[in-house]
1. Given 169, 157, 209, 192, which one is free of Cβ contacts under 8 Å to residues at least 40 places away in the same chain and farther than 24 Å from residue 29 by Cα?
2. For the structure I just gave you, tell me whether residue 12 is near the ligand (Cβ under 10 Å from one of its atoms), in contact with a strand residue (DSSP E or B) (Cβ under 7 Å, 6 or more places away or on another chain) and at pLDDT 95 or above.
3. Of the numbered conditions (1) farther than 23 Å from residue 153 by Cα; (2) surrounded by fewer than 15 Cβ atoms within 10 Å (Cβ to Cβ); (3) assigned by TED's automatic domain parsing to the domain that holds residue 214, residue 44 satisfies every one except a single condition; which is it?
4. Which pairs turn up if I take residues in the range 47-61 that are under 9 Å from residue 16 (Cβ atoms) and look for partners that are assigned to a loop (DSSP other than H, G, I, E, B) and away from the ligand (no atom under 12 Å from the Cβ) with beta carbon separation below 9 Å, at least 6 apart in sequence or on another chain?
5. Here are some conditions: (1) within 16 Å of the ligand (Cβ to nearest atom); (2) on the phi > 0 side of the Ramachandran plot; (3) in contact with a strand residue (DSSP E or B) (Cβ under 9 Å, 6 or more places away or on another chain). Residue 78 meets all but one. Which one does it not meet?
6. How about the range 135-221: which strands (runs of 3 or more DSSP E) wholly inside it have at least 3 residues that are at pLDDT 90 or above and surrounded by fewer than 22 Cβ atoms within 10 Å (Cβ to Cβ)?
Ligand SMILES: Nc1ncnc2c1ncn2[C@@H]1O[C@H](COP(=O)(O)OP(=O)(O)OP(=O)(O)O)[C@@H](O)[C@H]1O
């Protein structure tokens, strides 16, 4: 699919239970085309389930989910250990039917911008955690879907690597705009990257607050407005800033 992408996301009255465990109940959520919405909430409140619903991997028990084709970047990078970084990044294009040469060329076009130049032949085990996440992100981007669903993409990274990863994600989306649903535990990450922050309640998850982030980019974590937003979100989640 070629840009410009015009499809947004609409969840209305969504409920999803696993046996007796009600993961989500009464979820209303909109993502406008081109918007980056961060979904923040306590552990187990149904954030991953929400992404699975949006990606069509599971169906709601009640309510409706309306979303364009989505590429999911799961919590773990899911790189195949026997493939090179380049072939891992190219995987979505191979699955879509591209020849190996075409798929590799498409992936390689992103390597320099993501700081991966020279690592094309490296196996995942030889890459740092931050590099593996970037390879996984290129793979997600190359799926060519209008919507990216990113599930805690940086949760496994140390603080410094995570800060760098947040910066390249912001830059990558400036170059390659997409509609993005970003699940994160990290309200600061949400304040740095999102156009809107959606806060979920403890399970069963439902939307308790939406915060518009009308701040210019690039954002700096020490900016008073970013700090204030982070504190508002933490207060709404019942955590002391
Ligand atoms: N396939 C499943 N079968 C049974 N229970 C499930 C399944 N998927 C999720 N759950 C349960 O639904 C609830 C919500 O899970 P989910 O993974 O969506 O939450 P989360 O907010 O993403 O959690 P975390 O922040 O810890 O990643 C949890 O209690 C989980 O155990």
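1. Of the residues listed, the single one that is free of Cβ contacts under 8 Å to residues at least 40 places away in the same chain and farther than 24 Å from residue 29 by Cα is 157.
2. The answer is no for residue 12.
3. Looking at each condition in turn, residue 44 falls short on (1).
4. 53/59; 53/60; 53/67
5. The failed condition is (3).
6. 207-212
One line per residue, one yes/no per condition, for (1) away from the ligand (no atom under 11 Å from the Cβ); (2) at pLDDT below 95; (3) under 25 Å from residue 189 (Cα atoms):
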residue	(1), (2), (3)
29	yes, no, yes
45	no, yes, yes
100	yes, no, no
115	yes, yes, yes
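Yes/no per residue for (1) assigned to a loop (DSSP other than H, G, I, E, B); (2) within 7 Å of the ligand (Cβ to nearest atom); (3) surrounded by fewer than 18 Cβ atoms within 10 Å (Cβ to Cβ):
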| position | (1), (2), (3) |
| --- | --- |
| 17 | no, no, yes |
| 22 | no, no, yes |
| 33 | yes, no, yes |
| 39 | no, no, no |
| 56 | yes, no, yes |
| 60 | yes, no, no |
| 64 | no, no, yes |
| 68 | yes, no, yes |
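The values are calculated or read from the model by the stated rules, or taken from the named source; none is laboratory data. Remember, predicted model here, so these are calculated numbers, not experimental data. All Cβ positions, glycine included, derive from the backbone under ideal geometry; neighbour counts span all protein chains shown.
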